[in-house]
Amino acid sequence: MNDPTTTGAVSAQRPWYREPLLWLVIAIPALTVVAGLSTVYIAHRGADDPVADEIRKEGLAIHQDPTRDRAAAAAGVAATLVLGNGQVHVTVAAGRTTLPRSIVLLLSHATRAEHDQMLTLTATGDGQYAGTLPSLASGHWYLELTPTDRSWRLTGEFVGEFATLQLRPRTTL
């Protein structure tokens, strides 16, 4: 009844989960899936922000489109901007153009795109615009002032929270 060959074969056979070759076969695809999902997460989290300006890339050269800056210079548009105490006030000198009922102020943080703000300022008088200013993170800020039709733009930059700035068309392009 007790055959030594059959009882020895049964006791020598290990359960499936104790086979090292099986775990190697399972581990390689499993680690590949984990590495792939990690790569997707890192790529999504560290993705570059889209460029918000009129910039195009030709080969290795990057060119900025000066059309709106030239339109502002040709129209003689300039502005004085006052930031502080939760308010933004803009005085626009129209030059040879008609001022719109509202203008857009784009505040771009130099290093942190998640702090960027876009404010629509409404006219309060002849060439005067005002709006509410959310709290700004400290650091270097770039400003762009443009009508809603984006026909011209004025630019400037500041460091800090409170500022009085003269905005002019960018001329060095």
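A few points about this structure:
- Sole exception among (1) touching a strand residue (DSSP E or B) at 6+ places or on another chain (Cβ under 7 Å); (2) without any contact (Cβ under 8 Å) to a residue 40 or more places away in the chain; (3) farther than 15 Å from Thr124 by Cα for Leu105, by number: (2)
- Selection within region 132-162 - surrounded by 17 or more Cβ atoms within 10 Å (Cβ to Cβ) and not β-branched (Val, Ile, Thr): Leu133, Leu136, Trp141, Leu143, Glu144, Leu145, Pro147, Trp152, Arg153, Leu154, Gly156, Phe158
- Looking across region 82-101, the residues that are exposed (fewer than 13 other Cβ atoms within 10 Å of the Cβ) and under 28 Å from the mean Cα position of the chain (by Cα) come down to Asn85, Gly86, Gln87, Arg101.
- Residue match in region 70-81 (condition: surrounded by 12 or more Cβ atoms within 10 Å (Cβ to Cβ) and more than 15 Å from Arg153 (Cβ to Cβ)): yes
- Residue within region 134-151 that is in contact (Cβ under 8 Å) with a residue 60 or more places away in the chain and of a type in the set (Ser, Thr, Tyr) present: yes
- Leading residue by the ranking (farthest from Arg150 (Cα to Cα)) among those in region 102-135 that are within 18 Å of the chain's Cα centre (by Cα) and of a type in the set (Val, Ile, Thr): Thr111
- The residues of region 102-118 that are buried (at least 17 other Cβ atoms within 10 Å of the Cβ) and under 19 Å from Ala79 (Cα atoms), listed by number, are Ile103, Val104, Leu105, Leu106, Leu107, Ser108.
- Among residues of region 163-173, those that are under 14 Å from Leu83 (Cβ atoms) and crowded, with 16+ Cβ neighbours inside 10 Å, counted: 3
- Members of region 47-83 that are assigned to a strand (DSSP E or B) and at pLDDT 80 or above: Ala78, Ala79, Thr80, Leu81, Val82, Leu83
The values are calculated or read from the model by the stated rules, or taken from the named source; none is laboratory data. Note that this is a predicted model, so its numbers are computed, not measured. Cβ atoms come from the backbone with ideal geometry, glycine included; neighbour counts cover every protein chain shown.
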